[in-house]
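The values are calculated or read from the model by the stated rules, or taken from the named source; none is laboratory data. Being a predicted model, the structure only gives us computed values, none of them experimental. Virtual Cβ from ideal backbone geometry, glycine too; neighbours counted across all protein chains shown.
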């Protein structure tokens, strides 16, 4: 589903209308792969499974579709040519795996739609799953995600990393993902203005003809993690015609309300929200640290408030599960269990 002959704003408006006004994004991929037994303590993180367990990646995508997700995000967040090369793979093998991440998500969508058509869930002791529109988003993680040193959570890349550094780092992967069969590109966990600007310039320079969304991360509810104001970051996203949604991911739920209000001040584009579970990731220990003030029930209780202040797409990031996504879907569409 490209942009040829379709205005970017119409793309998202038409999609949301087909979903009933709101859309549900999937939940945590890497942490769900870990829940299924995978050890992802690796610089490739979830992309490691593209090599070793692609069938499990497809299974997790399908679980999120069955839970009610309208958008599933590929396992390419940490899939970079540079990262695969560090593992001893060739450039050709790396490029194949990056494209394969989207193909796996598309396969899960096809399985889901076939099961819907055949009435698959009529024979299961579970709620009937309604067929719904599904988009596949190709994930692009930040430069800091590739570094795997916690800098994606600080946005501090050092003075040697320039706009051109970031553009050249992301360029080939973006070219591959734009021609992979994905419906749109998801630039995720953007930690600073510089990387957002790099993405905008790449989209324009490479004549990327599919839509994109930009989602930033914050740890204070006012700025992105680097300290750049969220309004300035959202304004950069708003300046690009190919960006069809702007929002927040991998951020504690308690901070989201104010961030939505700030984003809405500078853009009329749909707002996408997919926070983490409220736990905090320690980049040095590579462990999730529990907080005492948020539970899954708290997370879901925020959804209606986020909708009321203007968010349109809702999902979860790290440590959220298919159960989280199912609960979000029920809140948005008043589905009984």
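Key figures
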| item | result |
| --- | --- |
| Filter pass, residue 312 being closer than 24 Å to residue 139 by Cα, crowded, with 19+ Cβ neighbours inside 10 Å, modelled with pLDDT under 95 and in contact with a helix residue (DSSP H, G or I) (Cβ under 9 Å, 6 or more places away or on another chain) | no |
| Subset of the range 193-209 [surrounded by fewer than 24 Cβ atoms within 10 Å (Cβ to Cβ) and in contact with a strand residue (DSSP E or B) (Cβ under 9 Å, 6 or more places away or on another chain)] | 193, 200, 203, 208 |
| Index of the failed condition, residue 52 passing every other in (1) surrounded by fewer than 15 Cβ atoms within 10 Å (Cβ to Cβ); (2) within 19 Å of residue 85 (Cβ to Cβ); (3) in contact with a helix residue (DSSP H, G or I) (Cβ under 7 Å, 6 or more places away or on another chain) | (3) |
| Which listed residue is in contact with a helix residue (DSSP H, G or I) (Cβ under 7 Å, 6 or more places away or on another chain) and surrounded by fewer than 24 Cβ atoms within 10 Å (Cβ to Cβ), from 65, 16, 33, 89 | 33 |
| Matching residues in the range 97-110 - criterion: being buried (at least 16 other Cβ atoms within 10 Å of the Cβ), over 16 Å from the mean Cα position of the chain (by Cα) and free of Cβ contacts under 8 Å to residues at least 60 places away in the same chain | 97, 100, 107, 108, 109 |
| Residues that are free of Cβ contacts under 8 Å to residues at least 60 places away in the same chain and farther than 17 Å from residue 135 by Cβ, drawn from the range 61-85 | 84, 85 |
| Complete set of residues in the range 185-222 that are more than 25 Å from residue 159 (Cβ to Cβ), without any contact (Cβ under 8 Å) to a residue 40 or more places away in the chain and part of a strand (DSSP E or B) | 212 |
| Residue, farthest from the chain's Cα centre (by Cα), within the range 250-283, restricted to residues that are at pLDDT 95 or above, surrounded by fewer than 16 Cβ atoms within 10 Å (Cβ to Cβ) and not in a loop (DSSP other than H, G, I, E, B) | 265 |
| Evaluation of residue 92 against (1) at pLDDT below 90; (2) over 18 Å from residue 315 (Cα atoms) (one fails), failing number | (1) |
| Residue count for the range 300-337, restricted to those that are touching a strand residue (DSSP E or B) at 6+ places or on another chain (Cβ under 7 Å) and either under 24 Å from residue 269 (Cβ atoms) or outside any loop (DSSP other than H, G, I, E, B) (or both) | 14 |
| Complete set of residues in the range 28-40 that are at pLDDT below 75 and closer than 20 Å to residue 143 by Cα | 40 |
| The listed residue being farther than 21 Å from residue 305 by Cα and not in a helix (DSSP H, G or I), out of 246, 225 | 225 |
| Residue satisfying condition, being farther than 21 Å from residue 27 by Cα and either modelled with pLDDT under 95 or in a loop (DSSP other than H, G, I, E, B) (or both), within set 130, 122 | 122 |
| Selected residue [modelled with pLDDT of 90 or more and in a helix (DSSP H, G or I)] from 144, 181, 158 | 144 |
| Residue under evaluation residue 60, criteria (1) touching a helix residue (DSSP H, G or I) at 6+ places or on another chain (Cβ under 9 Å); (2) at pLDDT 90 or above; (3) farther than 20 Å from residue 189 by Cβ, criterion not met | (3) |
